[in-house]
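Every number here is computed from the coordinates shown, using simple stated rules; none is lab data. Quick caveat, the model's predicted, so the values are computed rather than measured. A quick note on method: Cβ atoms are made from the backbone with ideal geometry, for glycine too, and the neighbour counts reach across all protein chains shown.
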Amino acid sequence: MSRLRALQAMLQEDPGDALLYYMLANEYFSTGQHPECVQAMERYLSLAEDEGAAYRTLAQALTTLGRMAEARQAYEAGIRAARRFGHPSMAEEYQETLKGLE
């Protein structure tokens, strides 16, 4: 069974498991399934408070899909989360990436 299928099966058994959505989103991203990645990552973020890393993946997937305004919003949310959780280097990375999107 593929990792995607295994994660999907686990989510069928426990649809409220935020970590499974995070893992699924990353698997979708790594296999180039960006619309599915966005959907799974948005679901994860609706269930859990992320420290910032999820927003990078979300923003990168949105950028790949040409959804630049949403990608900027994701990076901005990631900056706020990174600062809130004490990850200044992550916040700086996202700020630099945002400059490149302008």
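What the table below lists for this structure:
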quantity: Boolean, residue 9 is assigned to a helix (DSSP H, G or I) and within 24 Å of residue 86 (Cα to Cα); calculated: no
quantity: Pick from the stretch 35-66, criterion of a type in the set (D, E, K, R) and outside any helix (DSSP H, G or I), ranking: farthest from residue 100 (Cα to Cα); calculated: 49
quantity: Selection count, the stretch 23-63, where residues are among the basic types (Lys, Arg) and at positive phi; calculated: 0
quantity: Candidate set: the stretch 72-89, residues that are surrounded by 23 or more Cβ atoms within 10 Å (Cβ to Cβ) and among the hydrophobic types (A, V, I, L, M, F, W, C); chosen: the one nearest to the chain's Cα centre (by Cα); calculated: 74
quantity: Residue that is farthest from residue 69 (Cα to Cα) [pool: residues in the stretch 12-34 that are assigned to a loop (DSSP other than H, G, I, E, B) and not β-branched (Val, Ile, Thr)]; calculated: 14
quantity: Residues satisfying the stated conditions in the stretch 20-49, i.e. under 9 Å from the mean Cα position of the chain (by Cα) and among the acidic types (Asp, Glu); calculated: 42
quantity: Single residue of 25, 6, 40, 54 found to be without any contact (Cβ under 8 Å) to a residue 24 or more places away in the chain and surrounded by 17 or more Cβ atoms within 10 Å (Cβ to Cβ); calculated: 40
